[in-house]
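Worksheet: the structure to be examined is printed underneath.
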Amino acid sequence: MRYLIKGMLTACLFYPLSLVAQNEIDALRYSQTGFGSTARSLAMGGAFGAPGADFSSLMINPAGIGVYKKSEFTFSLGFNNRITENDFLENKNSDSKFRVDIPDLGLVFAIPKKSENGIKQLSFALGYNRTANFNSESSFEGKNSNNSILDSFIDQIANDGGATEDDLYDYYAFDADLAYQTYLLDPDPNNINQYISVIPDGGAYQSKVTTTRGGMGEFTLGFGGNYNEKIFFGVTLGFPSVRYEEESTYEENDKDNEIINADSTIDFKALVYDTYLNTSGNGVNARFGIIFKPVEWVRVGASIHTPTYYYLNDQYRASMRSAFGDGTNYSLDSPEGTYSYNLTTPFKAVGSVAFLFGQNGMVSFDYEFTDYSAAKLDASDYNFSNENKLINKFYNDVASNFRGGLEWKYQNFAFRAGAAYYSTPFKSQYTTDETDQHVISYTGGIGFREKRYYFDLGYGYSSRNEYFAPYTLSNESVPGSTIKRTDHRIIATMGFRF
């Protein structure tokens, strides 16, 4: 039996209480990638579709492989600090998560060809780029005077047409059945196969703490070439991997002793709902690119990225604990859930242009287009038609990302700055200023280069707004948390030419 916790519109858009299911939220999470796996590309806002000759260009425009003049080994170390600020029912919480990672490790072999016309050089590349960071801490707390998460369990059962007590385990083993077995839900004496809550009218203090770990990275094989110093071309075959782990603890407490139940013998004090999700998997994709140099000081680039075809596996579980005024406590663990499925992420296209000032520096710009509504979930035993309809309905089919960067050289030193704007993944009719989740980034850095080695240091600041609803109800609003997420990222890159 495959167990599902279903999300509605707010679930789709605003990342509510942890979902142990394969759904539109997963499709978006693994379709979005960041920029800047080397210090140089981070410092220039990730705008490396036209300049080339940087290992990060394999992820943007593989024609950058053909720009290399010498073979090169590169290695980067990344330092990440993510700060999450929650504003829930006028209560503010701030959390941070620090992480060290390896954003880039690569090797490029440049093989010159002795010919007056035609192919001047061929290059081969292999290595690793990190593409997403999932490490974060987040918490909120506040008093909700109107409803409870138990109402969402009741609402779900009612929308499904009701459920016998035996059905609860078969269909709601990760939520409503846990609440029922810990005496937080009781059969409704007036409605067959429906249920009532020990928190009938809200009034509980609600809180949630969430920890996420993991990220996405890609092992890449690439081939590129240089034709007459005018046309550079390249292709990569990528093998991306996913690791996402989420642990959350959601609580409701009657701190003010104000919750009154119709049954006077019931004195609710607290509930604790723990959920755990671990997703892992691998995929495959390809990228094709070209860079054209019409004159010495201009480079124009274009690339296409095929969809990534992922095979993913979810492992999940949940538990519920309850406490009552007479001193009784109950707890129950769900079964261990597991499910394997496929995800196809959207196609991407990138257009780029760079203007070079001889040996003094350059400015570079990228425009990236993607269609988030084209993501698809599928499996051999489930067609995901409802989830795919939600993806198509809510996600933006014309998402545009812009990146720009500047580099100025003085003797052996380089000074860099950049910015990036990633538009909302949601269609405009489903977003507000607080929830559209666009990302703005500002970057900068320095570099030092000798003939056979170099050292670069880059810094990036990114911010985005989100909205988090802990659960949903069909006919009643649920208070949510307004979230501001900021990322501070530093990358140090060492490179050796041979």
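Along the axis of the charge dipole computed for region 9-497 (Cβ charges of +1 for Lys and Arg, -1 for Asp and Glu, origin at the Cα centre), the listed residues GLY215, GLY283, PHE232 are led at the positive end by PHE232.
Each label was represented as a point 7 Å from its Cα along the Cα-to-Cβ direction; for GLU116 and THR211 these points are 6.9 nm apart. The long axis of helix 149-159 is offset from the longest Cα principal axis of the chain by roughly 90 degrees.
Of ASP456, ASP155, how do they rank once you tally other Cβ atoms within 10 Å and put the fewest first?
Details: ASP456 25, ASP155 19.
With the sparsest Cβ surroundings first, the list reads ASP155, ASP456.
With contacts taken as Cα pairs under 8 Å at a separation of at least 6 residues, region 138-285 carries a relative contact order of 24 percent. Taken about its Cα centre, region 386-475 carries a charge dipole of about 460 debye when Lys and Arg each add +1 at the Cβ and Asp and Glu each add -1 at the Cβ. Once the Cα atoms are used to define both axes, helix 385-394 deviates from the longest principal axis of the chain by about 70 degrees. Would you list, by chain and number, the lysines whose Cα falls below 21 Å from the Cα of LYS69, excluding same-chain residues fewer than 8 positions away? In chain and number order, the partners are LYS113, LYS114, LYS120, LYS230, LYS293, LYS409, LYS451.
When you filter the GluC sites (Glu not before Pro) in region 71-118 for DSSP loop state and at most 14 other Cβ atoms inside 10 Å of their Cβ, you are left with GLU90, GLU116. Over region 432-493, the pair-distance histogram of Cα-Cα distances with 10 Å bins from zero comes to 18, 30, 21, 15, 10, 5, 1 percent, rounded to whole numbers. The separation of region 433-476 from region 171-188, counted between C-alpha centres, amounts to 40 Å. This ranking places ILE199, ILE65, ILE231 by how few other beta-carbon atoms lie within 10 Å of each, fewest first, which gives ILE231, ILE199, ILE65. Each Lys and Arg adds +1 at its Cβ and each Asp and Glu adds -1 at its Cβ; summed about the Cα centre, the chain shows a dipole of about 4360 debye. Model label points for ILE260 and THR328, set 7 angstrom from Cα along the Cα-to-Cβ axis, are 2.3 nm apart.
Tell me which GluC sites (Glu not before Pro) from region 160-236 have a DSSP coil assignment and no more than 14 other beta carbons within 10 Å of their own.
For GluC sites (Glu not before Pro) across region 160-236 that sit outside H, G, I, E and B with at most 14 neighbouring Cβ atoms in 10 Å, the list reads GLU229.
Show me the trypsin sites (Lys or Arg not before Pro) within region 234-329 that DSSP assigns to loop and that have at most 16 other Cβ atoms within 10 Å of their Cβ. All intermediate terms of the calculation are to be shown ahead of the outcome.
On the way: sites: ARG243, LYS255, LYS269, ARG287, ARG299, ARG317, ARG321; in loops: LYS255.
Listed in order of number, the matching sites are LYS255.
With +1 on each Lys and Arg Cβ and -1 on each Asp and Glu Cβ, how big is the dipole of region 94-164 about its Cα centre, in debye rounded to the nearest 20? Could the numbers behind the result be given before it?
Working: 7 positive and 9 negative charges, 159 e Å.
With Lys and Arg at +1 and Asp and Glu at -1, about 760 debye.
Counting only helical runs of four or more DSSP H residues, what would the 222 nm mean residue ellipticity of the chain come to if each run contributes -39,500 (n - 2.57) and the total is spread over all its residues? Mind dumping the intermediate values first?
Values: 7 runs with 52 residues, N = 498.
Result for the chain, helices only: -2500 deg cm²/dmol.
Relative to one another, the C-alpha centroids of region 29-65 and region 69-129 are positioned 7 Å apart.
Pulled fully out, how much extra length does the chain show between GLU245 and VAL300, if you take 0.36 nm times their separation in residues and subtract their Cα-Cα distance?
15.8 nm
What is the diffusion coefficient of region 9-497 in µm²/s, taking the Kirkwood radius over Cα pairs and the Stokes-Einstein relation at 25 °C with a viscosity of 0.890 mPa s?
Numbers: Rh = 24.5 Å.
Answer from the Stokes-Einstein relation: 100 µm²/s.
When region 9-497 is described by a simple charge dipole with +1 on each Lys and Arg Cβ and -1 on each Asp and Glu Cβ, the residue from ILE25, SER96, PRO112 located farthest towards its positive end is PRO112. Among PRO189, ALA492, ALA469, which residue has its Cα furthest toward the positive end of the charge dipole of the chain, with +1 on Lys/Arg Cβ and -1 on Asp/Glu Cβ? Value: ALA492.
Laboratory data are not the source of any read-out in this text; all were calculated from the coordinates shown. Note that this is a predicted model, so its numbers are computed, not measured. Neighbour counts run over all protein chains shown; Cβ positions are idealised from the backbone, glycine included.
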